[in-house]
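Visitor: Submitted below is the structure of interest, expressed as structure tokens.
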Amino acid sequence: MRRNPIPLLILVAALIGLGGAYAFFEQTVVPRYEATRSVLTSRSDLELRMLVRYARGPLVEEDYTMRDADGVSTAQYRGVGRNGVQITIAERPRATMEEGSDVAYLFGQAVQDGIWDLRSKPPRGDTTARYTISVYQLTGTSHGAYQFTFTDPQYWATTGGHQFHIKLDKNKPLPDLVNLTSTVAVEPRYQKLVDDFRTFGPQSFRTKVAAAQSRLARPQG
């Protein structure tokens, strides 16, 4: 008596189909899942800081520190007055379409304005305030940090420094000062970065900072 081969063929086809599905799952779905899981579990950390120290005036120091740790933004302002008062304000700004007040937005703006490119400058212009700007970025296992200092960002934005070019001639004992040439190194990005820090955050944070600055400038009674 001959057995019906159809059930056996169906079983073989089903096994082949399961094998193909498993191979597709292993080659396509699993790598995508692992890649997605890696992105979700990898650490990310952004920190931007502007420290301003004043040689004279009502303020001694101002410290703006903005951080984004794994998507959670925090903004902090710390001010010290010559009246002996110290004030610290901390807030967790959330992204809004109107203000772009999360730290990731600030980081992108600061990169555009040259936070990784600008260099430390010698004291020029109004030297009573000295600015130190620093940035730190961690993405997965890659990280980097950078810092530079300068004075009077308005000076660098509008006046800059003169760079003189002297052409020396071996046939002349002295350089030709009559034909001395110079260029002006104007760099507005120093002022842009300072503005990025001072204008960052939702209105509530900026209002608290303005109130703190007013209190720090008040004579101690």
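Visitor: Suppose we keep only residues that are surrounded by fewer than 14 Cβ atoms within 10 Å (Cβ to Cβ) and assigned to a loop (DSSP other than H, G, I, E, B) within the stretch 59-94. Which one would you say is modelled with the lowest pLDDT?
Guide: My answer is R94.
Visitor: Considering only the stretch 168-178, I want to know if a residue exists there that is part of a strand (DSSP E or B) and either at pLDDT 95 or above or surrounded by fewer than 11 Cβ atoms within 10 Å (Cβ to Cβ) (or both).
Guide: no
Visitor: How many residues does the stretch 57-80 contain that are in contact with a Leu (Cβ under 7 Å, 6 or more places away or on another chain) and closer than 18 Å to Q109 by Cβ?
Guide: Number of matching residues: 3.
Visitor: Residues to consider are T65, T132, T151; find the one that is of a type in the set (S, T, Y) and over 16 Å from Y190 (Cα atoms).
Guide: Unique residue meeting the criteria: T65.
Visitor: Another question about this same structure. Take T132 and decide whether it is at pLDDT 95 or above and of a type outside the set (A, V, I, L, M).
Guide: Considered against the rule, which asks whether it is at pLDDT 95 or above and of a type outside the set (A, V, I, L, M), T132 comes out as yes.
Visitor: Tell me which residues, restricted to the stretch 104-159, are more than 16 Å from D195 (Cβ to Cβ), surrounded by fewer than 16 Cβ atoms within 10 Å (Cβ to Cβ) and among the hydroxyl-bearing types (S, T, Y).
Guide: Result: S120, T127, T128, T132, Y136, T139, T141, S142, Y146, T159.
Visitor: Could you figure out which of (1) over 25 Å from the mean Cα position of the chain (by Cα); (2) part of a strand (DSSP E or B); (3) at pLDDT 75 or above isn't true of H162?
Guide: Of the numbered conditions (1) over 25 Å from the mean Cα position of the chain (by Cα); (2) part of a strand (DSSP E or B); (3) at pLDDT 75 or above, the odd one out for H162 is (3).
Visitor: On to the next question. Name the residues in the stretch 149-160 that are within 25 Å of R67 (Cα to Cα) and out of contact with any helix residue (DSSP H, G or I) (no Cβ under 9 Å at 6 or more places or on another chain), would you?
Guide: Listed by number, the residues that qualify are T149, T151.
The values are calculated or read from the model by the stated rules, or taken from the named source; none is laboratory data. Here the structure is a predicted model, which is why all the values come from computation and not from measurement. All Cβ positions, even for glycine, are placed from backbone atoms using ideal geometry, and neighbour counts span all protein chains on display.
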